[in-house]
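Single-structure report; data block below.
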Amino acid sequence: GNSVTQMEGPVTLSEEAFLTINCTYTATGYPSLFWYVQYPGEGLQLLLKATKADDKGSNKGFEATYRKETTSFHLEKGSVQVSDSAVYFCALRGDQGGKLIFGQGTELSVKP
Amino acid sequence: KAGVTQTPRYLIKTRGQQVTLSCSPISGHRSVSWYQQTPGQGLQFLFEYFSETQRNKGNFPGRFSGRQFSNSRSEMNVSTLELGDSALYLCASSWGPGGSYNEQFFGPGTRLTVL
């Protein structure tokens, strides 16, 4: 079945450091890929998405490229801020639609 | 436009009781999905409703059930609560049934604690 694997956390960075959170997936066909962010005490917010191979999703300085050849959707940001501290979830939805399948989440802590 | 609302935000119950959680989707959205979030299992899909019909169901026991009303509001019910049901229950709404171009918007969740 479909699955998502993302790097374990917690990840601790200094402000203005470069961020990469790895995400790889297993799926048949052409799934849509997502990154969600969860701030403490809140629900999930969609950060960015990509619906086909080689698409790049971007938002708030975050980027991720849908790489079908490596089945990956790594999240990157060039310069993190303290306010980026949160838990980040990689997710996919199969090409037949339906439920989101999430990775286990990566906690990011950014220190001033 | 108001976001997805979930009530109550926090609940404390004891084993064996039953609980009902409520979700009001964004106005105009007709699809509601429910997810359970726990530290051990992460985020797991419970079920999806569209136009009052259950379209998909996750791998949860029959103690977990849900329904959707004609105004798209949804409820989920858990009967005979177990300690392991303690979790954050998230509701997500979208305009149509699950599909590649239908973004799901999540509510803040209901934190259920079973004692």
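The B-A contact accounts for approximately 1500 Å² of buried accessible area, totalled over both chains at a 1.4 Å probe radius.
For the stretch A:85-107, a decrease in accessible area of 40 Å² or greater in the assembled protein chains relative to the isolated chain, with a 1.4 Å probe, applies to A:Arg93, A:Gly98, A:Lys99, A:Leu100, A:Phe102. Anisotropy class assigned to chain B is prolate, per the alpha carbon gyration tensor with a/c at or over the 1.5 cut-off and a/b larger than b/c. Put simply, what bits of the stretch A:32-46 lose 20 Å² or more of accessible area when the other protein chains are there, versus the chain on its own (1.4 Å probe)? By number: A:Ser32, A:Tyr36, A:Gln38, A:Gly41, A:Gly43, A:Leu44, A:Leu46. Phi angles of the stretch A:20-26 translate, via the Karplus equation with coefficients 6.51, -1.76, 1.60 and θ = phi - 60°, into HN-Hα couplings of 9, 10, 7, 9, 10, 9, 10 Hz per residue; Gly and Pro are given as x.
Filter A:Lys60/A:Lys111; A:Lys49/A:Lys77; A:Lys68/B:Lys57; A:Lys56/A:Lys77 down to the pairs with a C-alpha to C-alpha distance above 22 Å, please.
Details: A:Lys60/A:Lys111 19 Å; A:Lys49/A:Lys77 15 Å; A:Lys68/B:Lys57 28 Å; A:Lys56/A:Lys77 13 Å.
Over 22 Å Cα-Cα: A:Lys68/B:Lys57.
Seen from all directions on average, the stretch A:44-93 presents a Cα convex hull projection of 3.8 nm². What's the whole-number percent of alpha carbon pairs in chain A lying beyond 23 angstrom? Cα-Cα pairs in chain A separated by more than 23 Å: 22 percent. Counts of other chain beta carbons within 10 angstrom of each beta carbon in peptide B:43-55 average 2.
Express as a percent, rounded to the nearest 5, the fraction of DSSP beta bridges in the stretch B:1-67 (both residues included) that run antiparallel.
Among the beta bridges of the stretch B:1-67, antiparallel pairing accounts for roughly 100 percent.
With a probe of 1.4 Å, find how much accessible area the protein assembly as shown has per residue, and write the answer as a whole number in Å².
Numbers: 10610 Å² over 227 residues.
With the other protein chains kept in place, the protein assembly as shown gives 47 Å² per residue.
Each Lys and Arg adds +1 at its Cβ and each Asp and Glu adds -1 at its Cβ; summed about the Cα centre, the stretch A:1-84 shows a dipole of about 320 debye.
In a reduced charge model with +1 at each Lys and Arg Cβ and -1 at each Asp and Glu Cβ, chain B shows a dipole moment near 160 debye about its Cα centre.
Can you give the Rg to Rh ratio for the protein assembly as shown, taking only C-alpha atoms and Rh from Kirkwood? Intermediate values should be presented prior to the final figure.
Details: Rg = 17.5 Å, Rh = 18.0 Å.
Ratio value, two decimals: 0.97.
When the Cα gyration tensor is reduced to axis lengths a ≥ b ≥ c, the ratio a/c is 1.5 or higher for the stretch B:8-73, and with a/b above b/c it is classed as prolate.
Which whole-number percent gives the relative contact order of the stretch A:62-112, counting Cα pairs below 8 Å spaced six or more residues apart? Walk me through the numbers before you get to the answer.
On the way: 64 pairs, mean separation 16.2, N = 51.
The normalised contact order for the stretch A:62-112 reaches 32 percent.
For the stretch A:98-104, putting each phi into the Karplus relation 6.51 cos²θ - 1.76 cosθ + 1.60 with θ = phi - 60° gives couplings of x, 5, 7, 10, 9, x, 7 Hz, in residue order, rounded to whole numbers and with x for Gly and Pro. The relative contact order of the stretch A:1-110, computed from alpha carbon pairs under 8 Å that lie at least 6 residues apart in sequence, is 37 percent.
Straight-distance candidates among the aspartates and glutamates for linking to B:Lys13, with alpha-carbon spacing under 19 Å and chain neighbours fewer than 8 residues away dropped: B:Glu75, B:Glu82, B:Asp85.
Taking the accessible area of chain A, probe 1.4 Å, and keeping the other protein chains in place, the carbon and sulfur fraction comes to 47%.
The values are calculated or read from the model by the stated rules, or taken from the named source; none is laboratory data. Bear in mind that the values here come from a model prediction, so they are computed numbers and not experimental data. Glycine gets a Cβ as well: all are built from the backbone with ideal geometry, and neighbour counts include every protein chain shown. Remember, those area values only see protein heavy atoms, side chains included, never the ligands or the DNA or RNA. Shrake-Rupley method; radii C 1.70, N 1.55, O 1.52, S 1.80 Å.
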